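Right, one structure below, let's go through it.
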Amino acid sequence: MTKLFQLLLVGICFPIVMCPAVLAQKTGSPDRNASLQQTLDWLKANIPCTYVQSQNRERSALRREAISNVRAKGCTLSYEITSESLPTRPLSSADSEDVRQGAERQQWTVDLAHLNPGLIKFEASRQQDRPPRVTFSSFDPSDPNVASQLKKDSATVFVNYSNKAIWHSDRIGDHKVREEFVGASAFPVKDEVKGSKIVSVLIHAVELCRQANSVKPNP
């Protein structure tokens with residue numbers, strides 16, 4: 001029995017988060033004077049993570065979610081999120097193919113210069129078998145299209161808002177499910193300590209990119 005399989009069996013009653021070890025100098029948050037490149041390098045080293053959770057009350061089925069392939073070019077951040085069943089027993093060829101066809105792969109591309117820094121937040125886990133997350137949005141109240149729809153005396157609900165800052169494609173097995181721009185997204189993190197650091201560094205990166213692109217700050 002492999003060490004990984006032993007680990008999964010021991011941890012089958014609660015979530016397991018496995019994040020890659022990074023260089024010591026990259027684990028602490030960069031200071032407020034860090035350059036954009038230093039900030040992006042830190043994010044690339046600290047965002048990747050793997051999360052394993054049970055899929056049923058009997059804890060007989062596991063699912064692994066991983067964020068990986070984090071890349072940055074200029075102010076564009078891209079990454080992948082994969083989600084797949086994790087066998088707890090040897091599988092036949094047919095079962096292995098079913099697992100492969102049930103795997104989900106999301107590709108994300110984010111224009112940091114057009115995110116709203118005020119809407120980058122850490123969100124604690126609301127369920128025992130769900131990881132905490134970092135959430136972010138490109139919603140911009142100063143956007144003329146948004147301002148024209150705001151109601152003075154009541155709440156305004158925006159459906160399918162997007163200013164083309166957050167793009168993603170979604171595949172399940174060999175089939176493309178969707179490919180579209182969205183107004184908000186999130187990715188899993190290890191815990192509140194790591195999540196809070198990522199939020200702080202991501203906000204700094206967004207502010208640097210907005211300054212470089214002369215984007216007016218959100219109110």
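Things to note:
- Fewest-first ordering of Arg130, Arg178 by other beta carbons within 10 Å of each residue's beta carbon gives Arg178, Arg130.
- Among Glu84, Glu65, the ranking by other beta carbons within 10 Å of each residue's beta carbon, starting with the fewest, stands as Glu84, Glu65.
- Burial order of peptide ranges 30-37, 131-138 (average beta-carbon count within 10 Å, highest first): 131-138, 30-37
- Prolate/oblate/rounded call for region 161-211, Cα gyration tensor, a/c under 1.5 rounded: oblate
- Footprinting exposure proxy for Leu202, Leu112 (fewest neighbouring C-beta atoms within 10 Å first): Leu202, Leu112
Bear in mind that the values in this text are calculations on the coordinates, not laboratory data. Keep in mind that this is a model prediction, so the values were computed, not measured. Virtual Cβ from ideal backbone geometry, glycine too; neighbours counted across all protein chains shown.
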